[in-house]
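Here is the structure we will look at.
Nothing in this text is a laboratory measurement; each read-out follows from the coordinates by a stated rule. Only a predicted model underlies this, so the values are computations on that prediction, with no experimental measurement involved. Neighbour counts are summed over all protein chains in view; Cβ atoms, including those assigned to glycine, are modelled from backbone coordinates with ideal geometry.
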Ligand code: ADE
């Protein structure tokens, strides 16, 4: 996949434009996809209806750096209904759905700067546009806006009420900033909410990662050996779904507790060096760098398929792979590059080592993003309401928000649950009863 060069379009010119998307004539298809996703996002739709009446974000400038998908489109509609003045930019150069970006501009009046396949300069020019919007609330998927607010654009940090972070990798970065005493603004670890990671990371990544692999390769998963690097929530979801398709799943881990968990969940656990020669498909979901390196690539079977579903494109050492390859063929089939090693063995890399679920498929399904984005919407409302009280720390999403979303989701799924009896409540609150 070659990057989209915005040749002749200088950074300054991008910044002067009210939006920067590939082609506004794609809007009709984008709108149809946004509305189709909306059918499966009932909790967010309820919030949007209330936001439309109450306008809790009236006149607040919000900059969002998220994957520009149909589901994100519905979050943008919700924030806009709440009165926010919005700018949306991509959180990954390969994840933008150009039709959705076009529709958000044309049909929903959102300022979007995002083009699928944008080159590095354009990506950073878009981030710059989001920061120059001088937001009071930011939403990140991977901490790029927060990074800008702590490096190139520190002058805007003072005006921020709160920054909301969607993903594990981003939260790790925010906690590192906090530990080093360098955090400049209040942040909410939206990823850590149970209404987010238990469902989005596990069922969303599980399904969409496999979807990306299947769309790119068209291969049967049954009977293959699938190596999942990492057994966090995303890795668990992916392993579970690969097993469901009939794969022989091997887990690699560095965390001994997660390794036990993987073993007791019925998976083989091996170091990558031992998994490399037996795997047919490899997928990294660790959040760390260079998990699969030249020493591993050299041991792989001919036509091993390799991809990544962690946030950044650093989990596969592709520079190292390029060094040991005698030939690299880009896009030999859509979404896949072929690296031929000196031994003659070939390694197929999906989506340039970027998020396979968004690079080669459409990301998590709407039903799971419903909860993630309901959490984002309600946390932004909470932040605005409590702006004066927020300390410059990493905050958890308030429990009442999670409980509200969980109850609403159950209701829309037509699932009822029991209530604690007064006796049970008393028992849970005491340490002497019933012993
Ligand atoms: N991250 C993973 N899947 C996504 C989706 N469908 N929309 C936005 N962000 C995502």
Report task. Quick one: among 179, 22, 58, which has the greatest mean-square fluctuation in a GNM of the chain with alpha-carbon springs under 10 angstrom? Result -> 179
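Mean shadow of the chain, computed from the convex hull of its alpha carbons, in nm²?
Numbers: hull surface 94.7 nm².
Mean orientational projected area (the chain, Cα hull): 23.7 nm².
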Query raised in the report: Got a sec? How would 218, 313 order by Cβ neighbour count within 10 Å, fewest to most?
Result: 218, 313
Report summary line: For region 377-429, the percent of all C-alpha pairs falling in each 10 Å bin, from 0 up to the bin holding the max distance, is 19, 33, 27, 21, 0
Report summary line: Largest fluctuation, 260, 14, 281 only, Gaussian network model of the chain with Cα springs under 10 angstrom, belongs to 260
Query - Value at 222 nm in deg cm²/dmol, rounded to 500, when DSSP H runs of n ≥ 4 in the chain each add -39,500 (n - 2.57) - result: -12000 deg cm²/dmol
Query raised in the report: Taking one equal scatterer on every alpha-carbon of region 152-229, how large is log10 of I(q)/I(0) by Debye at q = 0.23 1/Å?
Result: -1.07
**Report entry** Isotropic mean projected area of the C-alpha convex hull, region 53-116 (nm²)
**Finding:** 3.7 nm²
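Once you have the alpha carbon radius of gyration of region 163-290, what is it after dividing by 2.2 N^0.38 Å, with N set to its residue count? Don't skip to the answer; put the middle values down first.
Details: Rg = 16.0 Å, N = 128, 2.2 N^0.38 = 13.9 Å.
Rg over 2.2 N^0.38 Å, computed on Cα atoms: 1.15.
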Query raised in the report: What share of the DSSP beta bridges in the chain is antiparallel, in percent to the nearest 5?
Result: 20 percent
Report summary line: Listed residues 91, 103, 416; largest mean-square fluctuation, Gaussian network over the chain with Cα springs below 10 Å, found at 416
Report summary line: The relative contact order of region 258-361, taking Cα pairs under 8 Å that sit 6 or more residues apart, comes to a percentage of 24 percent
Query raised in the report: So, in Å, what gap is there between the alpha-carbon centers of region 193-224 and region 369-424?
Result: 25 Å
Report summary line: Between residue 264 and residue 176, the two model label points (7 Å from Cα along the beta-carbon direction) sit apart by a distance in nm of 3.1 nm
Report summary line: Length-normalised contact order of region 140-228, Cα under 8 Å, at least 6 apart, in percent, tallies to 25 percent
Query raised in the report: Under a no-solvent Debye model with one identical scatterer per Cα of region 212-347, what's log10 I(q)/I(0) at q = 0.12, 0.21 Å⁻¹?
Result: -0.43, -1.34
Requested in this report: Please tell me the relative contact order of the chain in percent, rounded to the nearest whole number, where contacts are Cα pairs under 8 Å and at least six residues apart.
Outcome: 16 percent
Query raised in the report: So for the pair residue 17, residue 152, with labels modelled 7 Å out along Cα→Cβ, what separation do we get in nm?
Result: 1.7 nm
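For residue 327 and residue 49, calculate 0.36 nm times their separation in residues minus their Cα-Cα distance, and state this gained length in nm to one decimal. All intermediate terms of the calculation are to be shown ahead of the outcome.
Numbers: separation 278, 0.36 × 278 = 100.08 nm, distance 5.49 nm.
Stretched out fully, the residue 327 to residue 49 stretch lengthens by 94.6 nm.
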